[in-house]
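Novice: A single structure is presented below for examination.
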Amino acid sequence: MTTVNTLDAWTARTCHALDLDPAALDRDLVLDMTRDVAHGVARPAAPLTAFLVGLAAGRDGGGADAIRAACDRVQQLAGEWEASSSGSSGS
């Protein structure tokens, strides 16, 4: 439970520092998306992708719908990437 409490505290502090509404964040959606990228593409791709999702969501209005749309698209891409990578035999 300490991890969740630390994550909650960090999220709240970061949102405050960046003048963001923490209620607008779907934390589980973002964590699921970064997990899918880390496991399906590469671990270092996860934080970079989270940044890109933030840029795309901001460009598209920055609301919950924009965040969800960007995350959904990236999760689709990560699934496609994993499928295409597992289909290649390295030959």
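Only the coordinates and a few stated rules stand behind these numbers; no lab work does. These numbers were taken from a predicted model, which means no experiment stands behind them. Quick reminder, even Gly has a Cβ in these numbers, built from the backbone with ideal geometry, and neighbours come from all protein chains shown.
Novice: Using the alpha-carbon atoms, what tilt in degrees (0 to 90, nearest 10) does helix 45-59 show relative to the longest principal axis of the chain?
Specialist: Roughly 60 degrees between the two axes.
Novice: To the nearest 0.05, how large is the calculated FRET efficiency for Asp8 and Ser84 if R₀ is 35 Å and r is the Cβ-Cβ distance? Walk me through the numbers on the way to the answer.
Specialist: On the way: r = 37 Å, r/R0 = 1.05.
The computed FRET efficiency comes out at 0.45.
Novice: Let me ask something additional. Run the simple label-point estimate for Ala69 and Ala17 please: 7 Å along Cα→C-beta, distance reported in nm.
Specialist: 3.0 nm
Novice: Another question, if that's okay. What is the mean projected area of the alpha carbon convex hull for the stretch 23-87, to one decimal in square nanometres? Spell out each step's value before the answer.
Specialist: On the way: hull surface 15.6 nm².
Across all orientations, the stretch 23-87 yields a mean hull projection of 3.9 nm².
Novice: Treating the angle as unsigned and between 0 and 90°, give the value, to the nearest 10°, between the Cα long axis of helix 64-87 and the longest Cα principal axis of the chain.
Specialist: The two axes meet at around 20 degrees.
Novice: Going highest first, how would you order 10-21, 64-75 by mean Cβ packing within 10 Å? The partial results should precede the final answer.
Specialist: Details: 10-21: 10.8, 64-75: 17.4.
Top to bottom by mean Cβ count within 10 Å: 64-75, 10-21.
Novice: Where the only charges are on Cβ atoms (+1 Lys, Arg; -1 Asp, Glu), what is the dipole of the stretch 23-87 about its Cα centre, to the nearest 20 debye?
Specialist: Working: 6 positive and 9 negative charges, 41 e Å.
Using Cβ point charges on Lys, Arg, Asp and Glu, the stretch 23-87 gives about 200 debye.
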